[in-house]
Amino acid sequence: MSSLFERKIYRSDMFKCALCYEAPCSKACADLDPARLLRSIWFDDEKVAACNMPEESPCIHCAAPCEQACVLSEKVPVRKLMLKLGNEVRPELEITLPTDENRLKSDICGKEIENPFLLSSSVVASSYDMCKRAFEAGWAGVAFKTICNFDIREASPRFSAIKGDSGTIIGFKNIEQLSDHSLEENMETFRRLKAEFPEKFILASIMGQNEDEWEYLTRLCAENGADAVELNFSCPNMMEEGLGSDIGQCPDLVEKYTRAAKRGADIPVIAKLTPNVANMNPAAEAAIRGGADGLAAINTIKSITDVNIHTYISAPAVRMQSAVGGYSGRAVKPIALRFVTELAQNPLVDGKHISGMGGIETWRDALEFILLGAGSVQVTTAVMQYGYRIIDDLKAGLNYYLAEKGIANVRDMRGLALESVSQTTDVLERDTVVFPKFNSEKCVGCGRCVIACADGGHQALNLNDDRKIMFNGNRCVGCHLCLLVCPQRAITSSHKRIHKK
């Protein structure tokens, strides 16, 4: 497959797209749904998008009314992207679009779910109407926003974000707490959802203040339709000590409250653990001793963002005050993968369900969690940005990948990457060097690699008078910094290994 539509290459065109609600470009097109196809490109589903293009593209002789309808002053090159899908990506496809989604069927603690994608416990799964729309969109289940038996009053504003050059959110901070609906309201929501969507999975997130409350809330949720409970041992935003992440940092409390929840009902109990620890295994093992049927990781990471250099207050600022809050989004995915791997590699966790989350936006992100041991994945921050509609791309992309690889079911992918990961670098082979390879056709002679190698590497690169790269193999150590900084992706790995002297 051509690398033409690799996400990082064609982001320049897609960055212009606002991913509109009820997109005018699609309303203006009589032959295609360009907004849907553009969204597929954005979320790494270019192959699926190409499958949905007709053999003869209607864009060839089109005057591109879609572009004229674009809400942006700098119009998205819709016609160009559609032509590339039809003319360059589609001919290279190895399979047609799968006709069913049976490959996506997974399970949580033995209960089958139609796909591995759930909304995580947060504002995106906090009411009947929201969960109903998510279920209708295609999400397999929800981890409902954490239910408690004490008053919740939220601050305003309560979100802040760190954005990339394109304006998209890289990291997201919240100081939000738990469900502000009453127990009666939430139980009514569970009953209605289970009656209307019996095949969907309701994971009831709960938080108690003592053993009796953990037991009571578990029993209450089970009686009103929850398929499992998720014990919130990890929220970093609680006002009082002894709640949320304070519990997750104390294995004794994790074990005690897990055992209390297990007394409440026979439905599965999943402990949601905090990443605000050096090692998650002590809490995980405590949860298992307490009877946990599964584990969930990660919740948000304690953080401070955006200190205003004029007011000296960090964001979000609430009447001239701020606070440490929970950090999520794409930036936390590497940390989340690390903790999920730690759990999956623990022999004491073997056989327990792992629900992974943290920075998932695309099907590729989700697959990485599955390859490292997760049986289900949960999403929040991406939904807050792009809406429930992203489930279309999550399912279609993963389903296409599985079909392309000839894999019968997503469950067969669980943990396949675990053997390649060590918790220490001591096991890595250190006697060979992999040289970079330079593509002269792609290289524009900007010299970014030269700067990086000179000031952050081993001075193995130079530019000649014609601005061509001069490579010194005697100095290169194969760190691949040059490959990472190249804006043209003109540097790859040569796969040529040499023995160190």
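Given the structure, is D266 in contact with a Pro (Cβ under 7 Å, 6 or more places away or on another chain), closer than 24 Å to V142 by Cα, acidic (D, E) and assigned by TED's automatic domain parsing to the domain that holds K173?
Spelling it out, it is not the case that D266 is in contact with a Pro (Cβ under 7 Å, 6 or more places away or on another chain), closer than 24 Å to V142 by Cα, acidic (D, E) and assigned by TED's automatic domain parsing to the domain that holds K173.
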Under 30 Å from K16 (Cα atoms), in the same structural domain as K262 (by TED's automatic domain parsing) and either touching a strand residue (DSSP E or B) at 6+ places or on another chain (Cβ under 6 Å) or modelled with pLDDT of 95 or more (or both): which single residue out of N174, N186 fits that description? N174
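When you go through K302, K333 one by one, which is the residue that is in the same structural domain as Y388 (by TED's automatic domain parsing), assigned to a strand (DSSP E or B) and not acidic (D, E)?
Working: K333 fails: assigned to a strand (DSSP E or B).
The match here is K302.
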Inside segment 323-335, can you point out the residues that are aliphatic (A, V, I, L, M) and in contact with a Ser or Thr (Cβ under 9 Å, 6 or more places away or on another chain)? A323, V324, V332
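From the list E255, E213, exactly one residue is under 23 Å from G356 (Cβ atoms), among the acidic types (D, E), surrounded by 18 or more Cβ atoms within 10 Å (Cβ to Cβ) and in the same structural domain as D350 (by TED's automatic domain parsing). Which is it? Spell out how you get there, then give the answer.
Working: E213 fails: under 23 Å from G356 (Cβ atoms).
One residue alone meets the criteria, E255.
Of all residues being surrounded by fewer than 19 Cβ atoms within 10 Å (Cβ to Cβ) and out of contact with any Lys or Arg (no Cβ under 6 Å at 6 or more places or on another chain) in segment 293-308, which is farthest from G373 (Cα to Cα)? Just the residue, please.
To start, the set of residues in segment 293-308 that are surrounded by fewer than 19 Cβ atoms within 10 Å (Cβ to Cβ) comprises 302, 304-308.
The next check asks that each one be out of contact with any Lys or Arg (no Cβ under 6 Å at 6 or more places or on another chain); those that pass are 302, 304, 306-308.
Numbers: K302: 25, I304: 30, D306: 34, V307: 37, N308: 40 Å.
Looking at the filtered set, the residue picked out is N308.
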For segment 39-54, which residues satisfy the criterion of being in a loop (DSSP other than H, G, I, E, B) and surrounded by fewer than 22 Cβ atoms within 10 Å (Cβ to Cβ)? D44, N52, M53, P54
Search result, residues across segment 42-80 that are under 30 Å from A403 (Cβ atoms), among the hydrophobic types (A, V, I, L, M, F, W, C) and touching a helix residue (DSSP H, G or I) at 6+ places or on another chain (Cβ under 6 Å): W42, F43, V48, A49, A50, M53, C59, C66, V78
Among (1) touching a residue at least 12 places away in the same chain (Cβ under 8 Å); (2) hydroxyl-bearing (S, T, Y); (3) out of contact with any Pro (no Cβ under 7 Å at 6 or more places or on another chain), the one test that T99 misses: (1)
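Assigned to a helix (DSSP H, G or I), within 27 Å of H499 (Cα to Cα), among the hydrophobic types (A, V, I, L, M, F, W, C) and touching a Pro at 6+ places or on another chain (Cβ under 9 Å): does that describe C482?
Working: assigned to a helix (DSSP H, G or I): yes; within 27 Å of H499 (Cα to Cα): yes; among the hydrophobic types (A, V, I, L, M, F, W, C): yes; touching a Pro at 6+ places or on another chain (Cβ under 9 Å): yes.
The answer is yes for C482.
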Looking for whichever is part of a loop (DSSP other than H, G, I, E, B), modelled with pLDDT of 95 or more and surrounded by fewer than 23 Cβ atoms within 10 Å (Cβ to Cβ) here; the options are I95, I60. Which one fits? I95
Only residues that are more than 21 Å from V142 (Cα to Cα), of a type in the set (G, A, S) and in contact (Cβ under 8 Å) with a residue 40 or more places away in the chain: list them for segment 323-379, please. A323, G325, A331, A344
Would you check which residues across segment 485-501 are more than 13 Å from A452 (Cβ to Cβ) and either assigned to a loop (DSSP other than H, G, I, E, B) or among the acidic types (D, E) (or both) and list them? Q488, R489, A490, K500, K501
Go through segment 105-125 and count every residue that is in contact with a strand residue (DSSP E or B) (Cβ under 7 Å, 6 or more places away or on another chain), over 14 Å from E230 (Cβ atoms) and in a loop (DSSP other than H, G, I, E, B). 3
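I'd like to know if segment 148-166 contains one or more residues that are in contact (Cβ under 8 Å) with a residue 24 or more places away in the chain, more than 30 Å from D246 (Cβ to Cβ) and surrounded by fewer than 17 Cβ atoms within 10 Å (Cβ to Cβ).
From segment 148-166, those in contact (Cβ under 8 Å) with a residue 24 or more places away in the chain are 148-150, 152-162, 166; that's our starting set.
Within this subset, residues satisfying the condition of being more than 30 Å from D246 (Cβ to Cβ) are 166.
Now drop any that are not surrounded by fewer than 17 Cβ atoms within 10 Å (Cβ to Cβ), which leaves 166.
Looking for residues that are in contact (Cβ under 8 Å) with a residue 24 or more places away in the chain, more than 30 Å from D246 (Cβ to Cβ) and surrounded by fewer than 17 Cβ atoms within 10 Å (Cβ to Cβ), one finds at least one in segment 148-166, hence yes.
Which one is farthest from the chain's Cα centre (by Cα), of the residues in segment 437-462 that are assigned to a helix (DSSP H, G or I) and farther than 16 Å from T492 by Cα?
Per the criteria, the residue is A454.
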It is to be established whether one or more residues within segment 421-430 are surrounded by 14 or more Cβ atoms within 10 Å (Cβ to Cβ) and either touching a Ser or Thr at 6+ places or on another chain (Cβ under 9 Å) or acidic (D, E) (or both). yes
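Residue by residue, here is whether (1) crowded, with 18+ Cβ neighbours inside 10 Å; (2) assigned to a helix (DSSP H, G or I) holds:
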site: G351; (1), (2): no, no
site: A366; (1), (2): yes, yes
site: V383; (1), (2): yes, yes
site: L394; (1), (2): yes, yes
site: Y401; (1), (2): yes, yes
site: D412; (1), (2): no, yes
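Where residues in segment 309-330 are part of a loop (DSSP other than H, G, I, E, B) and of a type in the set (S, T, Y), which of them is surrounded by the most Cβ atoms within 10 Å (Cβ to Cβ)? Steps first, answer last, please.
From segment 309-330, those part of a loop (DSSP other than H, G, I, E, B) are 309-314, 316-317, 319-320, 322-324, 329; that's our starting set.
Now narrow it down to the ones that are of a type in the set (S, T, Y): 311-312, 314, 322.
On the way: T311: 10, Y312: 8, S314: 19, S322: 22.
Only one residue fits best here, namely S322.
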D180 being in a helix (DSSP H, G or I) and more than 21 Å from the chain's Cα centre (by Cα): no
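The values are calculated or read from the model by the stated rules, or taken from the named source; none is laboratory data. None of the values given here were measured: they were computed from a predicted structure. In this analysis, Cβ positions are derived from the backbone assuming ideal geometry, glycine residues included, and neighbour counts consider all displayed protein chains.
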